[in-house]
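What follows is one structure encoded as structure tokens, with my remarks underneath.
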């Protein structure tokens with residue numbers, strides 16, 4: 001009988017991994033697969049040691065740790081290869097859409113590189129407002145999946161923001177806006193086509209907005225309620241003294257404009273998975289941080305008591321498209337929750353710089369591979385893709401937890417049935433074993 005000492009991924013998942021093999025040497029690629037198994041199959045914690053237990057790699061176990069902290073491989077080159085796979089497998093429009101946001105990861109070791117005190121903007125009343133840990137700026141590809149009937153976010157780039165107070169001496173300080181602009185430039189090198197960036201309101205700052213405008217990238221975000229808007233200046237018929245005006249008359253405040261009922265239109269849009277009645281008023285004006293005319297939307301959702309304000313640097317973009325992408329951006333928030341709860345974003349136990357800055361990007365790569373594999377499996381065998389629990393009368397689409405359980409069940413099945421292949425087990429028994437494995441996963 002053939003002896004197998006390590007767990008195996010399904011053949012369809014192995015094919016995805018092999019397309020990334022060119023980014024590593026032969027020994028490094030084996031360590032990369034160990035890391036993937038730790039993130040996707042490890043339990044309960046996603047430690048590197050979990051991957052070592054599952055795979056029993058040859059050589060000293062410390063080689064897997066050195067793969068993260070010392071081995072020479074380029075994370076950005078790996079992400080570029082991953083994007084090429086996504087572009088080939090996923091059918092998304094000519095102008096792709098990316099989401100940008102940041103998230104906090106608590107860290108408790110005093111000697112961990114980049115650890116600092118960060119203000120938590122999403123803190124609840126019963127939780128501390130400041131967190132000691134890492135602040136990761138993450139950029140992901142937004143894709144509407146018709147099979148799952150929802151928007152998915154495939155994470156690509158992750159960069160660590162380090163406050164100036166804890167930055168090593170001699171290092172140039174980069175704010176989150178600077179990091180975001182750098183990530184946008186890198187993504188443009190990957191894509192080579194016009195694309196849209198949807199960002200959290202924190203990133204609606206002058207440097208990033210103007211950088212996107214200069215690079216011909218459509219930028220969509222939330223607008224502050226106290227933003228000052230100006231009318232488009234009329235062209236001068238006669239050239240007088242001084243330069244021509246850059247800004248016209250100052251427009252009334254957003255609150256005053258939204259209180260005027262004239263100009264509102266009602267839309268019935270599918271946002272956040274449900275049909276919403278939305279009243280929208282559109283205004284074209286100049287916002288000084290953008291330095292050019294932008295499209296401003298004053299939005300009243302259903303029976304909300306207040307207005308929400310959004311803007312787009314593309315004047316020709318429809319109201320329906322802008323609001324759809326604003327709602328689609330929420331998928332990166334649910335991604336952060338999945339990364340922390342199911343994919344081990346908080347479980348990395350690394351301290352030195354190279355290991356820290358590579359840890360979360362590796363988690364993002366593993367997550368995107370998992371989503372890609374799940375899309376392929378669902379298109380081939382949708383009725384069996386996820387498990388409907390007794391308390392669920394209907395389930396439209398799987399969660400990331402369902403995807404992980406499915407991958408674990410398939411991996412267990414492949415590993416065990418490879419051992420029992422020549423034992424002559426009856427088909428009915430095989431089906432029973434597979435059902436037990438799905439429950440165990």
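Compute the angle between helix 75-89 and the longest alpha-carbon principal axis of the chain, please, reported from 0 to 90 degrees and rounded to the nearest 10.
With rounding to tens, the tilt is 90 degrees.
With a ≥ b ≥ c the root eigenvalues of the C-alpha gyration tensor of the range 194-273, is it rounded (a/c under 1.5), prolate (a/b larger than b/c) or oblate?
Oblate shape, in that a/c is at least 1.5 and b/c is the bigger or equal ratio.
Please work out the C-alpha center-to-center distance from the range 137-186 to the range 110-128 and express it in whole Å.
Each part reduced to its Cα centre gives a spacing of 18 Å.
Which of 136, 73 comes first, and how do the rest follow, when ranked by fewest Cβ neighbours within 10 Å? Don't skip to the end; give the middle numbers.
On the way: 136 25, 73 16.
Ordered by Cβ neighbours within 10 Å, fewest first: 73, 136.
Quote the relative contact order of the chain in percent (integer), defining contacts as alpha-carbon pairs under 8 Å separated by 6+ residues.
Values: 671 pairs, mean separation 81.8, N = 441.
Over the chain, the number comes to 19 percent.
Of (i) 95, 23, 17; (ii) 80, 25, 16; (iii) 45, 27, 19, which is the value of semi-axes √(5λ) of the Cα gyration tensor in Å derived from the coordinates here?
(iii)
Which angle between 0 and 90 degrees, to the nearest 10, do you get for helix 319-328 versus the longest principal axis of the chain when only C-alpha atoms count?
40 degrees
I need the calculated FRET efficiency for the pair residue 241 and residue 276, taking r as the beta carbon distance and R₀ as 30 Å, to the nearest 0.05.
For R0 = 30 Å, the calculated efficiency reads 0.05.
For residue 12 and residue 49, what is the calculated FRET efficiency with R₀ set at 25 Å and r taken between the beta-carbons, to the nearest 0.05?
0.40
What does the C-alpha gyration tensor say about the overall shape of the range 57-122? Classify as rounded when a/c is under 1.5, otherwise prolate if a/b is larger than b/c, or oblate.
It is oblate, given that a/c is not under 1.5 and a/b is not larger than b/c.
Per-residue ellipticity at 222 nm for the chain, helices alone: DSSP H runs ≥ 4 residues times -39500 (n - 2.57), over residue total, nearest 500 deg cm²/dmol?
Result for the chain: -12500 deg cm²/dmol, rounded to the nearest 500.
What do you get for the angle between helix 26-41 and the principal long axis of the chain? Use alpha-carbon atoms, 0 to 90 degrees, nearest ten.
80 degrees
Please list, in order, the residues from the range 207-237 whose amide nitrogen is less than 20 Å from a point placed 7 Å along the Cα→Cβ vector of residue 192.
Counting backbone N atoms under 20 Å from the label point, the list is 215-218.
Once you place label points 7 Å from the Cα toward the Cβ at residue 185 and residue 266, how far apart are they in nm?
With each label point 7 Å from Cα toward Cβ, the separation is 4.9 nm.
When the chain is fully extended, how far beyond the present Cα-Cα distance does residue 256 get from residue 206, taking 0.36 nm per residue of separation?
Length difference between fully extended and current span is 15.6 nm.
Please give, to one decimal in nm, the separation of the simple spin-label points placed at residue 284 and residue 231, each 7 Å out from Cα toward the Cβ.
Result for the modelled spin labels: 1.4 nm.
Compute the distance in nm between two label points, each set 7 Å from the Cα along the Cα-to-Cβ direction, one at residue 60 and one at residue 72.
Reported label-point gap for residue 60 and residue 72 is 2.0 nm.
Quick one: if the Förster radius is 25 Å, what FRET efficiency do residue 337 and residue 146 give, using the C-beta to C-beta distance and rounding to 0.05? It would help to have the intermediate numbers written out before the result.
On the way: r = 23 Å, r/R0 = 0.94.
Given R0 = 25 Å and the Cβ-Cβ separation, E is 0.60.
Please report 176, 410 as a ranked list, fewest other C-beta atoms within 10 angstrom at the top and most at the bottom.
Ordered by Cβ neighbours within 10 Å, fewest first: 176, 410.
I'd like the distance separating the alpha-carbon centroids of the range 53-94 and the range 271-286, in whole Å.
If we compute the Cα centre of each part, the gap is 40 Å.
Here, each number is a calculation from the coordinates, and none is a lab measurement. All values derive from a computational prediction rather than experimental measurement. Heads up, the Cβs are rebuilt from the backbone with ideal geometry, glycines too, and the neighbour counts pull from every protein chain shown.
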